[in-house]
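Worksheet: one structure, shown below.
Any read-out appearing in this document is the output of simple, stated calculations on the displayed coordinates, not a laboratory observation. Values in this document were obtained by computation on a predicted structure and should not be read as measured data. As a convention, Cβ positions derive from the backbone with ideal geometry for all residues, glycine included, and neighbour counts pool all protein chains shown.
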Amino acid sequence: MEKFRIHGGRRLEGTVRVSGAKNAALPAMAAALLTSEPVHLRNVPRVRDIVTMGKLLAHMEAQVEMSPATPDAVSIRAERVSHAEAPYELVKTMRASVLTLGPLVARTGYARVSLPGGCAIGARPIDLHIQALEKLGAEISTEHGYVEARAQRLRGARLLFDKITVTGTENAMMAAALAEGESLLENAAREPEISDLAALLNAMGARVEGAGTSTVRIRGVPALHGATHTIIPDRIEAGTLLVAGAITGGELLLTHCEPAHLTAVIEKLEQSGIVIRAEAKGLRVHNGGPLAAVDVTTEEYPGFATDMQAQYMALMTQAAGTSVITETIFENRFLHAQEMVRMGGQIVVEGRRAVVRGPARLSGASVQASDLRASASLVLAALVAEGETIIDRVYHLDRGYERLEQKLGALGARIERVN
Ligand code: EPZ
């Protein structure tokens, strides 16, 4: 089991490049199933989830090319999809496999995808995905831990989501792109990753309007063609790096990021006293003095991202005063809190709220990562903790961060990957 060994106390300084967004690349790869022609993606992060999605598409007999020569490029050609199945062995390692459900049933009329099961941060059902596909005319059955979907041809429909769901919206968009007639998605997710998927689908010949707003209109077409598309920057990695610069009292310049995707996060960081400035080459961050505690409530985009909650909690352990962090999206997304308490953090969790008192002097300890963003928050805490921290199970981190220890090491952190 690989671990990180981190010695805290170093200010991070320098320039760091933000990678492409994992949560935009995953639906983009699944969208390649919608056409028999090649889809070329650029600015794809080389992280574990991307490799898993590549394996899944290859399992479906799509040709997947990830050449080491161009590490940010992925090309996929699903000339024919003879095996429209996403097996449990692969889905259990990555719930985003459910993104193949819509494209498979739209392209082939059949799909058999393992139910993802829950994960550390919550039950994470896919009932809204299934309801959307049924509204589009798919016959769905769920048994033996699998979802089976069948359809002669999907028919456009009006879909109103009971709850805002990012991958649910993406599944419905991809299925509706090949449905007969027009679909209207209401209460759709508005994340930048949704807009990025719409840009790819339209480049493939789809007719998607309104992505990024709560109402998305899709006019189905008989077939889609290949396309080349550059994935948007990863707003969560960018937010994580902003916190890394601030929590260590350093100064960083983030390149290849999109500040417009981080408005709510930047707003909160500035309120706590961090100076963030958009420059020609990117986003510059440094501390403007002691940090002040500021409350945060996670919300769907454009609100404060739940994927930044754990990282923000690490920062608030260093802020003067009491901050209340409220998690409204997932039911169990405070697993990082107890690990930070073991490092000296003053954090009390009460249901959906965590109360953080600071500034607390953190000391290095052996801690355990539980999920992708919790691992990132433990890295941030370790960067400012006194002494050595060992973070176990960094495979969680590798799912969504590309070479994080190399990026942080190049900025002055004392961090190494050990077995
Ligand atoms: C996406 O997950 C992201 N993953 C998550 O990022 C992110 O945390 C989440 O959106 C929220 O922003 C990808 O894009 C691959 P949801 P997703 O459906 O789509 C409930 C990371 O760190 N819900 O928007 O699975 C659900 O339980 C990951 O990169 C239903 O009840 O999230 C949750 O409470 C973690 N029924 C809420 O909606 C459904 O059918 C939002 O979930 C679907 C969702």
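In order along the range 47-53, the phi-based Karplus estimate (6.51 cos²θ - 1.76 cosθ + 1.60, θ = phi - 60°) of 3J(HN,Hα) comes to 10, 4, 4, 5, 5, 4, 5 Hz; Gly and Pro are listed as x.
The count of lysine pairs in the chain with alpha-carbon distances below 19 Å, taking only pairs 8 or more places apart or on different chains, stands at 7. Placing pseudo-labels 7 Å out from each Cα toward the beta carbon at residue 184 and residue 123 gives an inter-label distance of 3.1 nm.
At a threshold of 8 angstrom on Cα-Cα distance, excluding pairs fewer than six apart, so keeping six or more, what relative contact order does the range 22-230 reach in percent? Please report the intermediate quantities before stating the final value.
On the way: 494 pairs, mean separation 43.0, N = 209.
It comes to 21 percent, rounded to a whole number.
Taking amide H as placed 1.01 Å from N in the peptide plane, the amide H of residue 182 sits under 5 Å from that of 156, 220, each at least 5 places away or on another chain. Across the range 107-112, computed HN-Hα scalar couplings (Karplus, 6.51 cos²θ - 1.76 cosθ + 1.60, θ = phi - 60°) run 7, 10, x, 8, 7, 9 Hz from first to last residue, x flagging Gly and Pro.
In the chain, what % of DSSP beta bridges are antiparallel (nearest 5)?
Working: 56 of 80 bridges.
For the chain, the DSSP antiparallel bridge percentage is about 70.
Here the Karplus curve 6.51 cos²θ - 1.76 cosθ + 1.60, taken at θ = phi - 60°, turns the phi angles of the range 392-404 into couplings of 8, 6, 6, 4, 4, 5, 5, 5, x, 10, 8, 6, 4 Hz, with x standing for Gly and Pro. Answer rounded, prolate or oblate for the range 267-312, using the Cα gyration tensor with square roots of eigenvalues a ≥ b ≥ c: rounded when a/c is under 1.5, else prolate when a/b is larger than b/c, else oblate. Oblate, because a/c is 1.5 or more while a/b does not exceed b/c. Highest GNM mean-square fluctuation among 123, 151, 138, for the chain modelled with Cα contacts below 10 Å: 123. Subtracting the Cα-Cα distance of residue 92 and residue 281 from 0.36 nm times their residue separation leaves 64.1 nm of extension gain.
Each of 90, 197 was scored by other Cβ atoms within 10 Å of its Cβ. Arranged with the fewest first, they read 90, 197. Please tell me the relative contact order of the chain in percent, rounded to the nearest whole number, where contacts are Cα pairs under 8 Å and at least six residues apart. Reported as a whole number, the value is 21 percent. Please identify, among 97, 214, 370, the residue showing maximal mean-square fluctuation in a Gaussian network model of the chain using a 10 angstrom Cα cutoff. Among 97, 214, 370, the largest GNM mean-square fluctuation belongs to 214.
Suppose R0 equals 60 Å; then what is the FRET efficiency for residue 366 and residue 150 from their Cβ-Cβ distance, rounded to the nearest 0.05? Efficiency, from the Cβ-Cβ distance: 0.75.
Using the Cβ-Cβ distance between residue 223 and residue 338 with R0 = 30 Å, the FRET efficiency computed as 1/(1 + (r/R0)^6) comes to roughly 0.05.
Subtracting the Cα-Cα distance of residue 134 and residue 419 from 0.36 nm times their residue separation leaves 97.9 nm of extension gain.
Close amide H contacts of residue 190 (hydrogens built in the peptide plane, cut-off under 5 Å, sequence separation of 5 or more or a different chain): 301. A protection proxy built from the mean count of other Cβ atoms within 10 Å ranks the segments 276-282, 390-396, most packed first, as 390-396, 276-282. Taking label positions 7 Å along the Cα-Cβ direction at both residue 297 and residue 263, the computed distance is 1.8 nm, reported to one decimal.
Once fully extended, how much extra length lies between residue 79 and residue 324, figured as 0.36 nm per residue of separation less the alpha-carbon to alpha-carbon distance? Intermediate values should be presented prior to the final figure.
Values: separation 245, 0.36 × 245 = 88.20 nm, distance 5.15 nm.
Value of the extension gain: 83.1 nm.
The trypsin sites (Lys or Arg not before Pro) of the range 91-165 that meet both conditions, a loop assignment by DSSP and at most 16 other Cβ atoms within 10 Å of the site Cβ, are 92, 153, 163.
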